[in-house]
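One structure coming up, written as structure tokens, with questions to follow.
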């Protein structure tokens with residue numbers, strides 16, 4: 001598959017995803033996995049969210065930056081990077097405030113709040129066409145795309 005075809009399909013997925021959603025974030029450290037709802041913004045192909053340095057989510061991400069996001073029929077795996085305090089990133093704050101005003105007002109200004117970016121490495125979603133299930137995958141590391149009918153066994 002041509003590179004521009006992969007890039008175009010990924011850009012289409014991002015456009016369909018929109019600016020933000022409330023998603024399940026799963027993190028792990030020390031052999032323990034945990035999940036929680038998180039307000040997520042999509043910016044420049046990265047999934048951004050904030051958390052407090054005192055929360056388990058933060059300590060798990062510091063120990064193991066591999067994380068996953070999930071909503072409905074979409075699963076996203078990636079690597080998280082701590083960026084700094086949210087207020088140091090006005091573009092994030094502008095979108096986050098518009099999309100999640102309550103969370104922005106309650107948490108973004110707190111001293112211990114930190115912004116993370118999840119750089120996606122793999123995206124999978126189930127797509128249904130006329131009741132037929134397909135699995136769409138974006139292997140971002142290898143730049144490959146597939147759209148295959150699920151046949152089950």
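Every number in this text was worked out from the coordinates using simple rules, so none of it is lab data. Predicted model, so just to flag it, every value in this text is computed and none were measured.
Kirkwood Rh and Cα-based Rg: tell me the resulting Rg over Rh for the range 73-153, rounded to two decimals. Spell out each step's value before the answer.
Values: Rg = 17.8 Å, Rh = 15.4 Å.
In the range 73-153, Rg relative to Rh is 1.16.
Give me the log10 of I(q) over I(0) for the range 6-115 at q = 0.11, 0.24 Å⁻¹, as the Debye formula computes it from C-alpha points; what are the numbers?
Log10 I(q)/I(0), no solvent term: -0.34, -1.50.
Which angle from 0 to 90°, rounded to the nearest 10, does the C-alpha axis of helix 90-99 make with the longest principal axis of the chain?
Tilt of helix 90-99: around 70 degrees.
When you take every Cα atom in the range 1-59, what is the radius of gyration, and what is Dmax, the widest Cα pair distance, in Å?
Over the range 1-59's Cα set, Rg and Dmax evaluate to 14.9, 45 Å.
Only helical DSSP H runs with n ≥ 4 go in: add -39500 (n - 2.57) per run for the chain, normalise by residue count and round the 222 nm mean residue ellipticity to 500 deg cm²/dmol.
Using -39500 (n - 2.57) per qualifying helix, the result is -6500 deg cm²/dmol.
Taking the Cα centroid of the range 28-107 and of the range 114-131, what is the distance between the two, rounded to the nearest whole Å?
14 Å
Next up: Considering only 136, 16, 97, give the residue with the highest GNM mean-square fluctuation for the chain, with springs between Cα atoms whenever their separation is below 10 Å.
Checking each option, the largest mean-square fluctuation is seen for 16.
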